[in-house]
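Participant: One structure is given below, represented as structure tokens, and several questions about it will come after.
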Ligand code: NAI
């Protein structure tokens, strides 16, 4: 048995982990043995989440982070290194989604989505790779996992701007993986493509589908997604979290530059 999913001794920063998929990933990394820093703009909720996840003895802390700000990233990475004594795993999970038909998109909404989803992810990779490459604080080679979306792989109506931003995350992931490999950083860089998960964001999307006139009810909108999913259900936070543990662990040691669908086959 050579497979090793343990993250014992690893130090991780998970963005957007106050709630939803990020909180689930933070829990799963901590359950696998990592010390986890939650980086989010929602301070109060993040503190509650960190406290809840620490209750069983895990090490989960919070540092304020606005992923759109270079200075905020510098401070969050410094806080992670100072608190845990290193930094080996970054999960770039923070994201926002603002739905609109192409005929209705608003420039400010598009800019905001690209700022959080694309600029935020790229700044995260910048700061993580600087810290994790030789001379930085990573112990045995780091891992960066970006949360893209099945929306980067299929044409789902009402989310053109969001899909474009998640496609950009996918491309940037692959380029960072190639640079990291060729320049000997020792850091693997990958992304996940989650399918629809009924978090705050997921349920808002279902409501937006109705508001855009693409379904009569939220139940119909969700039913349409399930109908397009070979495994016949929505995703769960734990589906994403388990995949994240695998991708960040040594079990994935020869995997870099990929997007892993975790979508029940929706993007197939
Ligand atoms: P959510 O809306 O429940 O949580 C997003 C988190 O990101 C929140 O804690 C929020 O405070 C944080 N955040 C937003 N802007 C931020 C910023 N500027 N700096 C730091 N943190 C910020 O969303 P959910 O569903 O948990 O999504 C997590 C990730 O998964 C996102 O990147 C999303 O695009 C992606 N995703 C979600 C899917 C779904 O169906 N829920 C499907 C595919 C991808």
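Participant: Using the structure shown, decide if residue 156 is more than 9 Å from the ligand (Cβ to nearest atom) and surrounded by fewer than 24 Cβ atoms within 10 Å (Cβ to Cβ).
Facilitator: yes
Rundown of residues vs (1) at pLDDT 95 or above; (2) buried (at least 22 other Cβ atoms within 10 Å of the Cβ); (3) touching a strand residue (DSSP E or B) at 6+ places or on another chain (Cβ under 6 Å), yes/no style:
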| position | (1), (2), (3) |
| --- | --- |
| 114 | yes, no, no |
| 117 | yes, yes, no |
| 120 | yes, yes, no |
| 123 | yes, no, no |
| 133 | no, no, no |
| 138 | no, yes, no |
| 141 | no, no, no |
| 144 | yes, yes, yes |
| 150 | yes, yes, yes |
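Participant: Do we find that residue 68 is touching a residue at least 12 places away in the same chain (Cβ under 8 Å), near the ligand (Cβ under 10 Å from one of its atoms) and either surrounded by fewer than 22 Cβ atoms within 10 Å (Cβ to Cβ) or over 18 Å from the mean Cα position of the chain (by Cα) (or both) in this structure?
Facilitator: So residue 68 passes the test.
Participant: Another question, then. Just give me the residues in segment 25-40 being within 16 Å of the ligand (Cβ to nearest atom) and part of a helix (DSSP H, G or I), in sequence order.
Facilitator: The answer is 25, 26, 27, 28, 29.
Participant: Residue pairs, Cβ under 6 Å, 6 or more apart or interchain, first in segment 82-110 and assigned by TED's automatic domain parsing to the domain that holds residue 129 and over 30 Å from residue 206 (Cα atoms), second within 16 Å of the ligand (Cβ to nearest atom) and in a helix (DSSP H, G or I). List them.
Facilitator: Hits for this filter: 87/80; 89/248.
Participant: Is there a residue in segment 46-53 that is under 27 Å from residue 195 (Cβ atoms), within 15 Å of the ligand (Cβ to nearest atom), touching a strand residue (DSSP E or B) at 6+ places or on another chain (Cβ under 6 Å) and touching a residue at least 60 places away in the same chain (Cβ under 8 Å)?
Facilitator: No, because not a single residue in segment 46-53 is under 27 Å from residue 195 (Cβ atoms), within 15 Å of the ligand (Cβ to nearest atom), touching a strand residue (DSSP E or B) at 6+ places or on another chain (Cβ under 6 Å) and touching a residue at least 60 places away in the same chain (Cβ under 8 Å).
Participant: Here is a further query. Within 12 Å of the ligand (Cβ to nearest atom), modelled with pLDDT of 95 or more and either more than 26 Å from residue 138 (Cβ to Cβ) or within 18 Å of the chain's Cα centre (by Cα) (or both), is that true of residue 237?
Facilitator: Taking the combined requirement at face value, the residue satisfies it.
Participant: Here's something else I'd like to know. Which of the residues spanning segment 8-24 are more than 9 Å from the ligand (Cβ to nearest atom) and in contact with a strand residue (DSSP E or B) (Cβ under 7 Å, 6 or more places away or on another chain)?
Facilitator: 10, 11, 12, 13, 14 - these are the residues of segment 8-24 that are more than 9 Å from the ligand (Cβ to nearest atom) and in contact with a strand residue (DSSP E or B) (Cβ under 7 Å, 6 or more places away or on another chain).
Participant: From 266, 201, 240, 247, grab the single residue that is surrounded by 15 or more Cβ atoms within 10 Å (Cβ to Cβ), outside the structural domain of residue 156 (by TED's automatic domain parsing) and under 19 Å from residue 26 (Cα atoms).
Facilitator: From the options 266, 201, 240, 247, the qualifying one is 201.
Participant: Scan segment 240-268 residue by residue and report those that are within 13 Å of the ligand (Cβ to nearest atom), in contact with a strand residue (DSSP E or B) (Cβ under 9 Å, 6 or more places away or on another chain) and within 21 Å of residue 36 (Cβ to Cβ).
Facilitator: Listed by number, the residues that qualify are 240, 243, 244, 260, 262.
The values are calculated or read from the model by the stated rules, or taken from the named source; none is laboratory data. None of these values were measured; they are calculated from a predicted model. Using ideal geometry, Cβ is built from the backbone for each residue, glycine included, and neighbour counts are taken over all protein chains shown.
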